[in-house]
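See structure below.
A short reminder: the numbers here are calculations on the coordinates, not readings from a lab. In this text the structure is predicted, and so the values were computed from the model without any measurement. Cβ placement follows ideal geometry from the backbone for every residue including glycine, while neighbour counts extend to all protein chains displayed.
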Amino acid sequence: MFSFDPIILPEGFREGVLLLAYLLVLMWALAIVDFVTGRRMLNQLSIRPRSIEGIPGIAIAPLLHGGFGHLAANSGPLAILGTIILLQGLEVLGLVTVFCWLFSGAGIWLLGRPGTRHLGASGVVFGYLGYILLRGYFERSPAAIAAAVIVGLLYGSALWGLLPLQRGKSWIGHGAGFVAGAIVARKLPIMLEWVRYNSGF
């Protein structure tokens, strides 16, 4: 008689899945509203490099997309890669998401070409990708290495997005997000300790 031990999910896994789902629902709802209102949010809340008016976009632009195709292309990787990171805990997912979100946006604002507008969650997606791939290298645990190999096989071709090969793609945002993910992968214990200390836990 065979017996299988139940898979033990980390504390907060269910809440993390719900948060990812809520985030995607919000993105799709904003895409519908933006479509109905004639893309007004896209014009007002995108990241505009080195422009005072573009600073709010650092926090808001990842929620907005240039169309339903753009949003669909980001939704799957965001959900899948986010869930893989969530296996390390809700706290890790939150840290990776917030850091990559803000770092990629700030990178676009500082380094992007003047007069351009940037939006979409691609910086966060590439941040997730960078984190998972590099965490396998830095942590060297079987689980982290397995996650890195699987994600490399599934999304390794996306790394071409780090190069300025396609017009209209924010390769700077992709690169900044990937670097942000790599930073968290390298400094995860220190960053988690800092978050816990400053949050009072």
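If you filter the stretch 111-133 down to residues that are of a type in the set (A, V, I, L, M, F, W, C) and either buried (at least 20 other Cβ atoms within 10 Å of the Cβ) or in contact with a Lys or Arg (Cβ under 7 Å, 6 or more places away or on another chain) (or both), you find that the one that is farthest from residue 190 (Cα to Cα) is 119.
Only one of 176, 144, 185 is surrounded by fewer than 21 Cβ atoms within 10 Å (Cβ to Cβ), within 19 Å of the chain's Cα centre (by Cα) and either more than 30 Å from residue 29 (Cα to Cα) or in contact (Cβ under 8 Å) with a residue 12 or more places away in the chain (or both); which? Write out each step before concluding.
On the way: 176 fails: surrounded by fewer than 21 Cβ atoms within 10 Å (Cβ to Cβ); 185 fails: surrounded by fewer than 21 Cβ atoms within 10 Å (Cβ to Cβ).
Testing whether each residue is surrounded by fewer than 21 Cβ atoms within 10 Å (Cβ to Cβ), within 19 Å of the chain's Cα centre (by Cα) and either more than 30 Å from residue 29 (Cα to Cα) or in contact (Cβ under 8 Å) with a residue 12 or more places away in the chain (or both) leaves just 144.
When the helices (runs of 4 or more DSSP H) confined to the stretch 105-201 are screened for residues that are among the acidic types (Asp, Glu), those reaching at least 1 such residues are found at 122-139, 171-199. Filtering the stretch 74-81 for residues that are touching a helix residue (DSSP H, G or I) at 6+ places or on another chain (Cβ under 7 Å), surrounded by 15 or more Cβ atoms within 10 Å (Cβ to Cβ), in contact (Cβ under 8 Å) with a residue 60 or more places away in the chain and part of a helix (DSSP H, G or I) leaves a non-empty set.
Which of (1) without any contact (Cβ under 8 Å) to a residue 40 or more places away in the chain; (2) over 19 Å from residue 17 (Cβ atoms); (3) among the hydroxyl-bearing types (Ser, Thr, Tyr) is the odd one out, the single condition residue 116 does not satisfy? Residue 116 satisfies all of (1) without any contact (Cβ under 8 Å) to a residue 40 or more places away in the chain; (2) over 19 Å from residue 17 (Cβ atoms); (3) among the hydroxyl-bearing types (Ser, Thr, Tyr) except (1). For residue 71, the stated conditions hold: it is closer than 17 Å to residue 169 by Cβ, assigned to a helix (DSSP H, G or I) and not polar (S, T, N, Q).
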